[in-house]
Amino acid sequence: MTEKAEHKPIQRPAPPPPPPPPARRSVWTTKEKLVRLAWTTLARPVWLLLPSSRPALIRLFGGTVGTGCSFAASVEVTIPWHVRCGDNVRVGERVILYGLGPITIGDNTVLDYKAHCCAGTHDMTDSRFPLLKTPITIGRDCFIGIDAYIGPGVQLGDGCRVRPRASVYKSAPPHTTLQGNPAKPINPNPVGPASSRCAEPQAQAKNPHTENPAHP
């Protein structure tokens with residue numbers, strides 16, 4: 001009776017290690033890095049101590065700010081030269097203007113508490129994940145509600161309303177009201193321009209001839 005021959009496993013060479021990913025390079029020039037450093041160190045105390053100087057500071061660092069604009073002390077402006085505001089823009093407490101790309105805000109627009117405009121993302125199809133400076137455009141007479149998020153590349157037409165905590169990833173035509181996550185259009189909001197909404201009750205109170213349909 002012959003013994004069965006032992007079969008030894010064939011040893012194959014290990015596959016070569018994968019090549020290292022391509023080196024990532026910063027999209028910011030040395031000058032831009034130095035300006036950002038000056039913005040976060042030298043300009044910050046002035047921003048906190050002199051509220052009236054905040055629009056002028058943004059202009060000094062290359063941004064565009066119209067007349068009558070106001071910025072709360074806790075507003076976070078990442079890249080000041082990417083901020084472009086019209087007239088009478090109001091930016092509330094803890095708003096984030098993450099302007100890796102340009103952020104354009106039209107006249108009489110209000111950004112409420114903790115609103116977040118994120119004008120930047122990364123290319124997930126590239127192993128280096130390069131930064132994409134995708135702009136955001138918000139039209140005139142818009143209102144961005146509490147804790148709302150405006151994503152990269154979004155364009156909102158004039159008179160748009162973004163409800164609190166909505167997350168907007170797609171552009172919307174003028175006079176659209178957006179709600180939810182992801183935000184979707186709902187019934188149009190008949191409210192007037194954002195800058196004048198607080199004055200409407202006062203105007204009605206001053207007019208004694210205003211009719212009340214509930215009490216003919």
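Things worth noting here:
Residue-wise test of (1) farther than 16 Å from Leu156 by Cβ; (2) of a type outside the set (S, T, N, Q); (3) part of a strand (DSSP E or B); (4) without any contact (Cβ under 8 Å) to a residue 24 or more places away in the chain.
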site	(1), (2), (3), (4)
Gly68	yes, yes, no, yes
Trp81	yes, yes, no, no
Asn88	yes, no, no, no
Leu100	yes, yes, no, no
Lys114	yes, yes, no, no
Thr125	yes, no, no, yes
Thr137	no, no, yes, no
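- Total residues in region 54-87, condition surrounded by 15 or more Cβ atoms within 10 Å (Cβ to Cβ), in contact with a helix residue (DSSP H, G or I) (Cβ under 6 Å, 6 or more places away or on another chain) and of a type in the set (Gly, Ala, Ser): 1
- Any hit, region 133-143, residues being of a type in the set (Lys, Arg) and either surrounded by 20 or more Cβ atoms within 10 Å (Cβ to Cβ) or modelled with pLDDT of 95 or more (or both): yes
- Boolean, Asp147 is crowded, with 19+ Cβ neighbours inside 10 Å, at positive phi and either assigned to a loop (DSSP other than H, G, I, E, B) or at pLDDT below 95 (or both): no
- Only one of the listed residues (Pro152, Pro185, Pro174) is outside any loop (DSSP other than H, G, I, E, B) and either at pLDDT below 95 or surrounded by fewer than 19 Cβ atoms within 10 Å (Cβ to Cβ) (or both). That residue is Pro185.
The values are calculated or read from the model by the stated rules, or taken from the named source; none is laboratory data. Please read these numbers as outputs of a predicted model, since none were measured by experiment. Cβ: placed from backbone, ideal geometry, glycine included. Neighbour counts: every protein chain shown.
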